[in-house]
Amino acid sequence: MGTFQLAVDITSPPSEVFAFIAEPRNMPRWYDAVDHVAQTTAGPHSIGARYDVTRSLPGGQVHNDVEITEHEPTSLVTLESRAGPTPFRYRYELQPNGPGTHLTLDGRISSAGLPGPIARVDALATQLFKRGMKQNLSELRRIIESA
């Protein structure tokens, strides 16, 4: 399983950034590979809430069962896949940065479930996912700052 870290500065306060990223159903708006997210448990979007995340990956559409495993309003949210291909854990930490937010993503992902040779090369898959997440964070910043 590969790990990576990315950071982005957003000119909106942590409360606004957190409200957007802590709601997994917003993912299709900023996360390129995510087609649809549906909550599969009742209740608020906090620890233990689970979602069916439909993603487009090389080889076709896949589903992951994703759970919020950490949820500290305005400062931290972690999403972990519990079932499905390409197991992942995305931990988003938010810190005030003047009037804005410094957002750090600690990612952990596996190529398990991908078709072909890339499924056996975690280092290459990690770099591909990191590049994609960098683009996703840029889109996240654009959406939040334009709101």
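Just so it is clear, none of the values below were taken in a lab; they were calculated from the coordinates. Every value quoted in this text rests on a predicted model; they were computed, and no experiment measured them. Cβ atoms come from the backbone with ideal geometry, glycine included; neighbour counts cover every protein chain shown.
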Out of PRO99, VAL17, GLN135, whose Cα points farthest toward the positive end of the dipole of the stretch 2-146 (charges: +1 Lys, Arg; -1 Asp, Glu; placed on Cβ)? GLN135
Could you work out [θ]222 nm for the chain from helices alone, using -39500 (n - 2.57) per DSSP H run of at least four and dividing by all its residues? Round to the nearest 500 deg cm²/dmol. -8000 deg cm²/dmol
Which entry in (1) 14.7, 46; (2) 17.1, 68; (3) 16.3, 55 matches Rg and Dmax of the Cα atoms in Å derived from the coordinates of this structure? (1)
Quote the relative contact order of the stretch 2-146 in percent (integer), defining contacts as alpha-carbon pairs under 8 Å separated by 6+ residues. 28
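Taking 35 Å as R0, compute the FRET efficiency from the Cβ-Cβ separation of HIS63 and SER138 and round it to 0.05.
With R0 = 35 Å, the Cβ-Cβ based efficiency is 0.85.
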Calculate the dipole size of the stretch 2-146 relative to its Cα centre from +1 charges on Lys and Arg beta carbons and -1 charges on Asp and Glu beta carbons; express the result in debye to the nearest 20. 400
